[in-house]
Structures are given as C-alpha cells and as structure tokens.
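Participant: Handing you a structure now.
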Amino acid sequence: MEPEQTIAEIEQLERIFAMPDRRPLTESDVAAANRRHDEKLSHSPWFRLWQRYGICCRTETPTFGLGEVES
C-alpha cells in the first residue's frame, strides 16, 4: 500500500471522527453522565450538601463510587 494512500485514509478517518455525534441522547446516556459526574465530585463536601439538601431534577437517586462517604 502506498504511504500517500495510507495518509489520505487516516486523514479521512480523522475528519469523520471529528464530526459531532448528532444522535439524540438516550436515558441511559444521561444516567451514565450523571453517574460519572457524581463519582467525580463525590469527595466534595459542597457536592454532598447539594445532593442531600439541594433541589435536584434527576429521577434516579444519586449514587456514590468507591470512596463512598454518605451515611
């Protein structure tokens, strides 16, 4: 295979993967994003206060990761 052809194919793939994903988010996509967000901030005392006493529009109960502190 020619190096120029390989480079052109790689550049074409890069352009394809750089395009935004226009598919609508599913409920499981949103739940996964919320779960990652909660796990990322689970060690923050402010975030734990917000989860316990703040207003939340989520339908599922917030979850904590391995560093679970909630009692």
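Laboratory data are not the source of any read-out in this text; all were calculated from the coordinates shown. Bear in mind the structure is a predicted one, so any value in this text is a computation, not a measurement. Because the Cβ atoms are built from the backbone with ideal geometry, glycine has one as well, and the counts that use them run over all protein chains shown.
Participant: Tell me which residues, restricted to region 6-33, are of a type in the set (G, A, S) and either outside any helix (DSSP H, G or I) or touching a Lys or Arg at 6+ places or on another chain (Cβ under 9 Å) (or both).
Facilitator: A31
Participant: For region 1-51, give me each residue that is surrounded by fewer than 10 Cβ atoms within 10 Å (Cβ to Cβ) and of a type in the set (K, R).
Facilitator: Passing the criteria: R15, R22, R23.
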